[in-house]
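Worksheet: the structure to be examined is printed underneath.
The values are calculated or read from the model by the stated rules, or taken from the named source; none is laboratory data. All values derive from a computational prediction rather than experimental measurement. Note that each Cβ is placed from the backbone with ideal geometry, even for glycine, and that neighbours are counted across all protein chains shown. Quick note on the areas: whole protein, heavy atoms, side chains included, nothing else; ligands and nucleic acids left out. Shrake-Rupley method; radii C 1.70, N 1.55, O 1.52, S 1.80 Å.
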Amino acid sequence: MSEQSRGTGRIRGTGSRRRKPTRRHRAKVIAAWTVAGVVVVGGAGLGYAYMALDGNLSSIDIDAKLGTDRPDDVDDGSQDILVLGSDSRSGDNGKYGQDEGAARSDTAMVVHVDKGHKSASVVSIPRDTLIERPACESDTTGDPVPAEHRAMFNTAYEVGGPACAVKTVESMSGIRMDHYLEVDFTGFKKLIDELGGVEITTKTAINDSKSHLDLEPGTHTLNGEESLGLVRTRKSVGDGSDLGRIQLQQAFIKALMEQTKSVGVFSSPKKLFGLADAATKAITTDSGLGSVKKLSGFANGLKGLGADNVHMVTLPVEYDPADPNRVLPQEKAGRQVWAALQHDRPIPASATEKSAGDKGDADQVVE
């Protein structure tokens, strides 16, 4: 486990190497820590623990909140899941910044699993994307929240919670979300620690004062705190924007998917339960996944997916001429991306080749 330098709060990697390194892949795009965490929950006869684990889960009835004003529910065997990483700074998450009274979706991705459940496409949505946010309802007060022009994407979660985030993504994509998954900072760390860490190889040093991550070039087994630092790092990647951070998140998730296959959790009931306990405490789901039985069935349907058959992209964007700290969707290219998901086809390379999201340069930082 890595040392933390005294008095500075910086996280330092040890550079420790595993005896049998996992295969590493070029960084593309995913983000959903939860998908890998949820897959761990599935299978292996957890019936005896359902009651205990069910008590860990939080769920939200998205369907009841949004009603019928949604895209059609296409029943072709494919699935679309909105996965969010919440950056609430309250409670145990307070060490990562001041609590300003509301949480935001620090990480957002649409995961499309094809109808045969043999491959998946993942579209990361930059949190700083300026979008047309639809009218929503506050999940805390029930008060109406008016639509907003040129709203940052992550404000949908801030002003209206999960249902508003789902409604916003459905408005952008024209695709109905079958499920919703959310994970928070503290739960993410505990899940990685239960897993035994995740192996990452850095090509260059990462030294980021905001995420408190300090890694030398080389292979590192990152614990939960370090992993969280990596997926929050932006100043050490490319131009320091959110686009480079998304690529780091995607690279980390691919490594996490490989790691869950290599630790042999199903040979140890104790290890399996520990992972399932951490995963169910870390996530919030829609009501369709709001029990361990439902969650396990969902995860079992994804167990054939590996890093090699998950294609990850960032929503095609360009920098906003009026504000270089914001990005705008490339409408034509974005329509190509969403159409591919709607028709259960691979996302064409041409859709993202001119996007600023392909210029994050994370592949120059991690393998």
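On the stretch given as the range 152-162, residues that are open to solvent by 10 Å² or more (accessible area, probe 1.4 Å) and either of a type outside the set (D, E) or touching a Leu at 6+ places or on another chain (Cβ under 7 Å) (or both) total 4. In the range 163-171 there is at least one residue matching the filter, namely being of a type in the set (S, T, N, Q) and open to solvent by 20 Å² or more (accessible area, probe 1.4 Å). Checked against (1) among the charged types (D, E, K, R); (2) open to solvent by 50 Å² or more (accessible area, probe 1.4 Å); (3) touching a helix residue (DSSP H, G or I) at 6+ places or on another chain (Cβ under 8 Å); (4) outside any strand (DSSP E or B), R127 meets all criteria but (2).
Considering (1) open to solvent by 10 Å² or more (accessible area, probe 1.4 Å); (2) modelled with pLDDT under 85; (3) β-branched (V, I, T), the lone condition that T284 does not fulfil carries the number (2). In contact (Cβ under 8 Å) with a residue 60 or more places away in the chain and not in a loop (DSSP other than H, G, I, E, B), is that true of T201? Against the criterion (in contact (Cβ under 8 Å) with a residue 60 or more places away in the chain and not in a loop (DSSP other than H, G, I, E, B)), T201 qualifies.
The numbered conditions (1) part of a helix (DSSP H, G or I); (2) open to solvent by 10 Å² or more (accessible area, probe 1.4 Å); (3) closer than 25 Å to I81 by Cα; (4) in contact (Cβ under 8 Å) with a residue 60 or more places away in the chain are all true for G244 except (2).
Those residues that are of a type outside the set (G, A, S), without any contact (Cβ under 8 Å) to a residue 24 or more places away in the chain and either more than 24 Å from S241 (Cβ to Cβ) or surrounded by 12 or more Cβ atoms within 10 Å (Cβ to Cβ) (or both), I need them from the range 324-350; list them, please. Scanning the range 324-350 gives R335, Q336, H343, R345, P348.
Quick check on this structure: which one of L272, L302 is within 18 Å of the chain's Cα centre (by Cα) and either among the aromatic types (F, W, Y) or on the phi < 0 side of the Ramachandran plot (or both)?
Numbers: L272 fails: within 18 Å of the chain's Cα centre (by Cα).
On inspection, the qualifying residue turns out to be L302.
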